[in-house]
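Data block below; observations after.
The values are calculated or read from the model by the stated rules, or taken from the named source; none is laboratory data. Because the structure is predicted, anything quoted here is derived from the model rather than measured. Reconstructed Cβ throughout: ideal geometry from the backbone, glycine too, with neighbour counts over all protein chains shown. Surface areas here come from the heavy atoms of the whole protein model, side chains and all, with no ligands, DNA or RNA. Shrake-Rupley method; radii C 1.70, N 1.55, O 1.52, S 1.80 Å.
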Amino acid sequence: MTLSTSTATHTASAFAGRALLSSLFIVSGLGKAAAPAATLGYIGSTGMPFPTLALAAALLIELGFAAALLLGYRTRFVAVVMAGFTVATALAFHNQFGDQNQFIHFLKNLAIAGGLLQVAAFGAGALSLDAYRSRRIAHA
């Protein structure tokens with residue numbers, strides 16, 4: 001099977017987009033996993049209830065869901081959940097709009113959520129477990 005240049009570009013771009021988006025979450029999740037006490041302290045300092053539960057949810061999304069995004073597994077659902085998480089973290093942790101750095105982090109989170117919603121809208125692309133599963137079902 002020969003891919004046209006347009007199809008090859010689309011395939012590579014969809015994978016690269018998922019890889020770049022997921023890398024941010026995976027690195028962040030590994031940092032949280034490596035220093036849970038510091039993360040719990042930061043979460044607690046914001047007044048968020050149940051810091052341990054919040055950390056567990058963050059680790060699930062930043063490591064588990066990001067790995068699923070990278071692999072293209074149940075991508076639309078995963079991307080929607082991750083977009084919601086990203087907006088929630090923007091509101092909870094980057095809400096000091098008078099601080100330009102915090103405002104930039106808030107906007108960055110919204111941009112990331114936008115990228116995730118694009119993935120949710122258009123799917124994982126051909127280099128994904130979703131595409132593999134679809135091909136297997138179609139040939140069954």
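Quickly run through the range 1-22 and pick out the residues that are open to solvent by 50 Å² or more (accessible area, probe 1.4 Å) and either assigned to a helix (DSSP H, G or I) or not hydrophobic (A, V, I, L, M, F, W, C) (or both). So that I can check it myself, show each step before the final result.
Residues of the range 1-22 open to solvent by 50 Å² or more (accessible area, probe 1.4 Å): 1-7, 9-10, 12-13, 15, 20.
If the condition is that a residue be open to solvent by 50 Å² or more (accessible area, probe 1.4 Å) and either assigned to a helix (DSSP H, G or I) or not hydrophobic (A, V, I, L, M, F, W, C) (or both), then Thr2, Ser4, Thr5, Ser6, Thr7, Thr9, His10, Ala12, Ser13, Phe15, Leu20 are the ones that fit.
Is there a residue being over 11 Å from the mean Cα position of the chain (by Cα), part of a loop (DSSP other than H, G, I, E, B) and not hydroxyl-bearing (Ser, Thr, Tyr) anywhere in the range 112-119? Break it down into steps so the answer makes sense when it comes.
Taking the range 112-119 first, the residues over 11 Å from the mean Cα position of the chain (by Cα) are 118.
Okay, now just the ones that are also part of a loop (DSSP other than H, G, I, E, B), so none.
Taking every residue of the range 112-119 in turn, none turns out to be over 11 Å from the mean Cα position of the chain (by Cα), part of a loop (DSSP other than H, G, I, E, B) and not hydroxyl-bearing (Ser, Thr, Tyr).
Residue under question is Gly115, and the condition is that it be within 15 Å of Leu20 (Cβ to Cβ), open to solvent by less than 80 Å² (accessible area, probe 1.4 Å), in contact (Cβ under 8 Å) with a residue 60 or more places away in the chain and touching a Phe, Trp or Tyr at 6+ places or on another chain (Cβ under 8 Å); does it hold? So that I can check it myself, show each step before the final result.
Details: within 15 Å of Leu20 (Cβ to Cβ): yes; open to solvent by less than 80 Å² (accessible area, probe 1.4 Å): yes; in contact (Cβ under 8 Å) with a residue 60 or more places away in the chain: yes; touching a Phe, Trp or Tyr at 6+ places or on another chain (Cβ under 8 Å): no.
Taking the combined requirement at face value, the residue does not satisfy it.
Restricting attention to the range 65-105, which residues are open to solvent by 30 Å² or more (accessible area, probe 1.4 Å), within 23 Å of Gly44 (Cβ to Cβ), of a type outside the set (S, T, N, Q) and part of a helix (DSSP H, G or I)?
Gly84, Phe85, Val87, Ala88, Leu91, Ala92, Phe93, His105
Looking only at the range 24-34, which residues are in contact (Cβ under 8 Å) with a residue 40 or more places away in the chain and either of a type in the set (Lys, Arg) or open to solvent by less than 60 Å² (accessible area, probe 1.4 Å) (or both)? If you could, list the steps in order and put the result at the bottom.
We begin by selecting, within the range 24-34, every residue in contact (Cβ under 8 Å) with a residue 40 or more places away in the chain; these are 24-26.
Answer for the range 24-34, where residues must be in contact (Cβ under 8 Å) with a residue 40 or more places away in the chain and either of a type in the set (Lys, Arg) or open to solvent by less than 60 Å² (accessible area, probe 1.4 Å) (or both): Phe25, Ile26.
Is it the case that some residue within the range 35-56 is touching a Phe, Trp or Tyr at 6+ places or on another chain (Cβ under 7 Å), within 30 Å of Arg135 (Cβ to Cβ) and in contact (Cβ under 8 Å) with a residue 24 or more places away in the chain?
Within the range 35-56, the subset touching a Phe, Trp or Tyr at 6+ places or on another chain (Cβ under 7 Å) is 46.
Right, trim to within 30 Å of Arg135 (Cβ to Cβ) and you get none.
Scanning the range 35-56 turns up no residue that is touching a Phe, Trp or Tyr at 6+ places or on another chain (Cβ under 7 Å), within 30 Å of Arg135 (Cβ to Cβ) and in contact (Cβ under 8 Å) with a residue 24 or more places away in the chain.
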